[in-house]
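The values are calculated or read from the model by the stated rules, or taken from the named source; none is laboratory data. A quick note: this is a predicted structure, and the numbers were derived from the prediction, not measured. FYI the Cβ positions are ideal-geometry reconstructions off the backbone, even for glycines, and counts take in every protein chain you see. Areas reflect the complete protein model, heavy atoms only, side chains present, ligands, DNA and RNA absent. Shrake-Rupley method; radii C 1.70, N 1.55, O 1.52, S 1.80 Å.
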Amino acid sequence: MPAVVVPDNYGSVIAVALGAIPVLGFVHGAITTGLRKPAKVPYPHCYATVDECRSNAKAEQFNCAQRAHANFLENAPQTMLSILVAGLKYPQLATALGGAWFVFRALYLYGYVYSGKAQGMGRMMGAFFWFAQAGLWGLSVFGVARDLVSF
């Protein structure tokens, strides 16, 4: 059975994957929760209707925050795992890509919720998170494949 060797500088990998990214998830939730009441969207409803958004700008802002948060939740688990796996072979690169993903996701959130652009188009400020995420996926696969097959 092969052993998993953790590099000396793996702490920075853990700090991004299990520290910074969960904190950003908390920020997403706090922003969305704070906008719910002004949007007049009662629990258990997840989104305001189109008509509610037409009559209440806060409802549209809430929908943008809710969608940004949902998108974060759709992407964070595999990104965190990819950082942890890629960091076993490439700790500095995994930390850098994870940090970039974090910054771009924060810009995505800010742009989506606070830019005031129609249809949440402000989110494009942080759309480059996809490149960091793809890099992490690639590093994870390459790192594992490198151990399974001699290159």
Those residues of the range 97-138 that are among the polar types (S, T, N, Q) and outside any helix (DSSP H, G or I) come to a total of 1
Pairing a residue in the range 101-125 that is open to solvent by 70 Å² or more (accessible area, probe 1.4 Å) with any residue that is aliphatic (A, V, I, L, M) and modelled with pLDDT of 90 or more, where Cβ atoms lie under 6 Å and the two sit 6 or more apart in sequence or on different chains, gives M125/L107
When you look at V141, is it under 19 Å from the mean Cα position of the chain (by Cα), assigned to a helix (DSSP H, G or I), closer than 21 Å to A17 by Cα and modelled with pLDDT under 95, yes or no? no
Counted residues in the range 38-57 being within 16 Å of H69 (Cβ to Cβ) and open to solvent by 70 Å² or more (accessible area, probe 1.4 Å) come to 5
Over the range 1-14, the set of residues without any contact (Cβ under 8 Å) to a residue 40 or more places away in the chain and part of a helix (DSSP H, G or I) is G11
- Query: Is it fair to say L18 is open to solvent by 60 Å² or more (accessible area, probe 1.4 Å) and either farther than 21 Å from M80 by Cα or assigned to a helix (DSSP H, G or I) (or both)?
  - Reply: yes
The condition from (1) open to solvent by 70 Å² or more (accessible area, probe 1.4 Å); (2) within 23 Å of W130 (Cβ to Cβ); (3) among the hydrophobic types (A, V, I, L, M, F, W, C) that A3 misses is numbered (2)
Over the range 25-74, the set of residues part of a helix (DSSP H, G or I), small (G, A, S) and over 21 Å from M124 (Cα atoms) is A30, G34, A39, S55
Listed by first then second residue, the pairs whose first member lies in the range 61-73 and is open to solvent by less than 30 Å² (accessible area, probe 1.4 Å), whose partner is at pLDDT 95 or above and not in a helix (DSSP H, G or I), with beta carbons under 7 Å and at least 6 positions apart or on separate chains, are F62/V41; F62/A48; N63/Y47; N63/A48; Q66/C46; Q66/Y47
Only one of (1) β-branched (V, I, T); (2) open to solvent by 70 Å² or more (accessible area, probe 1.4 Å); (3) within 23 Å of the chain's Cα centre (by Cα) does not apply to I31, and that is (2)
